[in-house]
Amino acid sequence: MKILNKKTSPYRNQRPGTSGLRKKVKVFQQEHYLENFVQSIFANAKGLKGHLLILGGDGRYYNTHAIQIILKMSAALGVKRVIVGEDGLLSTPAISCLIRKHHAAGGIILSASHNPGGPEGDFGIKFNIANGGPAPTGFTDAVYETSKTLYEYQIVDCDNVPLDKQQTCYIGDMQIDVIDPVGDYAQLMEHLFDFEKIKSLFTSGLFTMCFDAMHAVTGPYAIEIFNKRLSANVGAVINGIPREDFGGGHPDPNLTHARELVERLNSGPGAPGFGAASDGDGDRNMILGRNFYVNASDSLAIMAANAHLLPGYRQGNCGIARSLPTSRAVDKVADSLGIDCYETPTGWKYFGNLLDDSRITLCGEESFGSGSDHIREKDGIWAVLFWLNLIAVKQQSVEEITRLHWKRFGRHYYTRHDYNAIENNVAEALMQDLRDSGPSLTGQTYSKNKVLLCDDFCYRDPVDNNLSKNHGIRILFEDESRIVFRLSGTGTEGATLRIYIERFVTDLSLHDMPTQTALAELIGIANSVADIKNRLNRDGPDVIT
Ligand code: G1P
Ligand code: ZN
């Protein structure tokens, strides 16, 4: 085995964001760009040498190219064994599952999640640690520091490894197992959910579903689990073949981008009773009923209230966590169950310690993410199975389950307004001014609604005691309404401002308003407090979810 010492020079823009390093494909195609970042990971992931690495990605353009490079660099590092998905495919939750199941030292996930793919699209790389979850900020900061002074990397000079069939091969002494990407993950799902009961939903002939894999990684998972193991109806999986460019679409499971699915669910009495979609790498989910949308914050709350009905969660929740901008619907459930509810910064990595320390069972984010202690990533297919199992147990529709939940706990109207590709300095100034004016907002009244608190969210991790700051400006009102402002940490073009707005309504007669109408007054307050029109010079948000 011939190890080459390659000369390189550092790039200055390899700071990982909310979820790994995400850039345009063109950026990754610069000479040694990927290699530099991988070497920086390897320099800090001390446990990899002599141990097992899990490797795979969402199948987007550059995936297999990157896998070949990482395999050759892993061999040069002295990794003992790599498990890689056939055709280079592994969903993010499947990687988390494999790391835990096989006691791997870590995993490398190649994905830019819900961002578009193809040569003009985005690519990304993320390192997960031995607990199966995203590396914490201490690690990603260290990787960034290394990348700034990196002048050399090591790679084995050898042929590409065939990834198109399941087999074992070697680079030098390093064993490479090309495996079925679905098997281990599907087995874990069978352990958590009552597959027989879900199957009986479909075999009754009275229930149909439609899952949109959006030409991304969940296709093979959905076909194996929904079609083969659960005998779901014909047409239960659409767009199920992963494509390098996601069929030219935007693999983001929301009402805008999963339009084909939404149209099917809204197509009248013959429409499927249940709809769902997942994103590029399979960690997100959107849940729909017939002509009915469940926002992700409500979905988390409903899961928390009902978890004890499902086999994997019979013992109930030990606690719950949600990210700051996620609506407080789940807080109401935690209150009624008498368990802790943690509010964390945005990003799955903040749930890791709480899960490892057995403080929480379920956790989620408004951005179409939910998960549990079964792995250390959010999990799209898991969320779909959770809902299917719930429907099978309750024998109620998605809409009935959701409305009964609102009746019991109150409804949190919720929306997120995104302003994309803003100039960085404009976005930074907007946030800084909000930060500065925050204290003076407290005590002020807007449309009879008093501001109880306005601050820049900071989080002290109760497990390792780390303090992290500047996670978003939150404005809390007396009637439990809330507005949160923050800048995205995953964008690849300028800055993205996210404004999150919620309103709590207990009065049943007010549970039927269109969301944007119910929130109109608060949206007006948010826009005026941040002076959106003048600063951004736009007519409205680019995306509303
Ligand atoms: C976005 C979501 C966040 C999620 C992340 C990775 O991050 O808002 O909840 O964890 O993608 O999927 P953001 O762009 O807001 O930093
Ligand atoms: Zn994702």
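The values are calculated or read from the model by the stated rules, or taken from the named source; none is laboratory data. For clarity, every value in this text was computed on a predicted model and none was experimentally measured. Positions of Cβ are generated from backbone atoms using ideal geometry, with glycine treated the same way; all protein chains shown enter the neighbour counts.
Determine the pairs where a residue that is among the aliphatic types (A, V, I, L, M), located within segment 519-537, has a partner that is loosely packed, with under 12 Cβ neighbours inside 10 Å and not in a helix (DSSP H, G or I) with Cβ atoms under 9 Å apart, the partner being 6 or more residues away or on another chain.
Qualifying pairs under 9 Å: 522/447; 525/447.
Looking for whichever is under 25 Å from residue 189 (Cβ atoms), touching an Asp or Glu at 6+ places or on another chain (Cβ under 8 Å) and among the hydrophobic types (A, V, I, L, M, F, W, C) here; the options are 302, 320. Which one fits?
One residue alone meets the criteria, 320.
Suppose we filter 430, 354 for residues that are outside any strand (DSSP E or B), at pLDDT below 95, surrounded by fewer than 24 Cβ atoms within 10 Å (Cβ to Cβ) and within 16 Å of ligand 1 (Cβ to nearest atom); which single one remains?
Numbers: 354 fails: at pLDDT below 95.
It is 430.
From the list 65, 51, which residue is out of contact with any Cys (no Cβ under 9 Å at 6 or more places or on another chain), touching a residue at least 24 places away in the same chain (Cβ under 8 Å) and either under 21 Å from residue 215 (Cα atoms) or surrounded by fewer than 24 Cβ atoms within 10 Å (Cβ to Cβ) (or both)?
51
Would you say residue 312 is in a helix (DSSP H, G or I) and surrounded by fewer than 24 Cβ atoms within 10 Å (Cβ to Cβ)? Before you say what the answer is, go through the steps one by one.
On the way: in a helix (DSSP H, G or I): yes; surrounded by fewer than 24 Cβ atoms within 10 Å (Cβ to Cβ): yes.
Against the criterion (in a helix (DSSP H, G or I) and surrounded by fewer than 24 Cβ atoms within 10 Å (Cβ to Cβ)), residue 312 qualifies.
Out of curiosity, is residue 322 away from ligand 1 (no atom under 14 Å from the Cβ) and basic (Lys, Arg)?
So residue 322 fails the test.
Residues in segment 71-81: is at least one in contact (Cβ under 8 Å) with a residue 12 or more places away in the chain, within 16 Å of ligand 2 (Cβ to nearest atom) and closer than 29 Å to residue 355 by Cα?
No, there is no match, as no residue in segment 71-81 is in contact (Cβ under 8 Å) with a residue 12 or more places away in the chain, within 16 Å of ligand 2 (Cβ to nearest atom) and closer than 29 Å to residue 355 by Cα.
Just give me the residues in segment 493-509 being in contact (Cβ under 8 Å) with a residue 40 or more places away in the chain and surrounded by fewer than 18 Cβ atoms within 10 Å (Cβ to Cβ), in sequence order.
From segment 493-509, those in contact (Cβ under 8 Å) with a residue 40 or more places away in the chain are 493-506, 508; that's our starting set.
Across segment 493-509, the qualifying residues are 493, 494, 506, 508.
Could we say that residue 463 is farther than 30 Å from residue 281 by Cβ, in contact (Cβ under 8 Å) with a residue 40 or more places away in the chain and surrounded by fewer than 17 Cβ atoms within 10 Å (Cβ to Cβ) here?
So residue 463 fails the test.
When you look at residue 385, is it under 23 Å from residue 466 (Cβ atoms) and either away from ligand 1 (no atom under 16 Å from the Cβ) or modelled with pLDDT of 95 or more (or both), yes or no?
Considered against the rule, which asks whether it is under 23 Å from residue 466 (Cβ atoms) and either away from ligand 1 (no atom under 16 Å from the Cβ) or modelled with pLDDT of 95 or more (or both), residue 385 comes out as no.
For segment 85-119, which positions are away from ligand 2 (no atom under 16 Å from the Cβ) and out of contact with any helix residue (DSSP H, G or I) (no Cβ under 8 Å at 6 or more places or on another chain)?
Within segment 85-119, 86, 99, 100, 102, 103, 105 meet the criteria.
Yes or no, residue by residue, for (1) away from ligand 1 (no atom under 16 Å from the Cβ); (2) within 18 Å of residue 94 (Cβ to Cβ); (3) touching a residue at least 24 places away in the same chain (Cβ under 8 Å); (4) surrounded by 19 or more Cβ atoms within 10 Å (Cβ to Cβ):
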| site | (1), (2), (3), (4) |
| --- | --- |
| 215 | yes, yes, yes, yes |
| 232 | yes, no, yes, yes |
| 235 | yes, no, yes, no |
| 239 | yes, no, yes, yes |
| 244 | yes, no, yes, no |
| 260 | yes, no, yes, no |
| 263 | yes, no, no, no |
| 269 | yes, no, no, no |
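Do we have any residue at all in segment 487-503 that's acidic (Asp, Glu) and more than 16 Å from ligand 1 (Cβ to nearest atom)?
no
Which pairs have Cβ atoms under 9 Å, sit 6 or more apart or on different chains, and link a residue in segment 359-384 that is more than 13 Å from ligand 2 (Cβ to nearest atom) to one that is part of a strand (DSSP E or B) and β-branched (Val, Ile, Thr)?
360/320; 361/320; 362/320; 363/320; 363/344; 364/320; 384/287
Can you name the residue in segment 396-422 that is part of a strand (DSSP E or B) and charged (D, E, K, R) and, of all such residues, is surrounded by the most Cβ atoms within 10 Å (Cβ to Cβ)?
By that ranking, first place goes to 411.
Conditions first: (1) acidic (Asp, Glu); (2) within 16 Å of ligand 1 (Cβ to nearest atom); (3) surrounded by fewer than 24 Cβ atoms within 10 Å (Cβ to Cβ). Residue 86 passes all but one, so which condition is the exception?
For residue 86, the failing item is (2).
Looking only at residues in segment 358-382 that are of a type in the set (A, V, I, L, M, F, W, C) and not in a helix (DSSP H, G or I), which one is nearest to ligand 1 (Cβ to nearest atom)? Before the answer, list the steps.
Within segment 358-382, the first condition is being of a type in the set (A, V, I, L, M, F, W, C), and the residues that meet it are 360, 362-363, 368, 375, 381-382.
Adding the requirement that they be not in a helix (DSSP H, G or I) leaves 360, 362-363, 368, 375.
Numbers: 360: 16, 362: 16, 363: 11, 368: 8, 375: 15 Å.
Of everything passing the filter in segment 358-382, 368 is nearest to ligand 1 (Cβ to nearest atom).
Could you please let me know if residue 79 is crowded, with 24+ Cβ neighbours inside 10 Å, in contact with a strand residue (DSSP E or B) (Cβ under 8 Å, 6 or more places away or on another chain) and either over 23 Å from residue 217 (Cβ atoms) or of a type in the set (Lys, Arg) (or both)?
yes
Return a yes/no flag: does segment 341-351 have any residue that is assigned to a helix (DSSP H, G or I), away from ligand 2 (no atom under 15 Å from the Cβ) and out of contact with any Gly (no Cβ under 6 Å at 6 or more places or on another chain).
Scanning segment 341-351 turns up at least one residue that is assigned to a helix (DSSP H, G or I), away from ligand 2 (no atom under 15 Å from the Cβ) and out of contact with any Gly (no Cβ under 6 Å at 6 or more places or on another chain).
Let's see how each residue does on (1) within 16 Å of ligand 1 (Cβ to nearest atom); (2) assigned to a loop (DSSP other than H, G, I, E, B); (3) closer than 19 Å to residue 129 by Cβ:
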site	(1), (2), (3)
4	no, no, no
23	yes, no, no
31	no, yes, no
36	no, no, no
42	no, no, yes
53	no, no, yes
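Before we move on, is residue 238 farther than 30 Å from residue 1 by Cα and of a type in the set (A, V, I, L, M, F, W, C)?
So residue 238 fits the description; yes.
Residue under question is residue 161, and the condition is that it be touching a strand residue (DSSP E or B) at 6+ places or on another chain (Cβ under 9 Å), hydrophobic (A, V, I, L, M, F, W, C) and closer than 25 Å to residue 9 by Cβ; does it hold?
Considered against the rule, which asks whether it is touching a strand residue (DSSP E or B) at 6+ places or on another chain (Cβ under 9 Å), hydrophobic (A, V, I, L, M, F, W, C) and closer than 25 Å to residue 9 by Cβ, residue 161 comes out as no.
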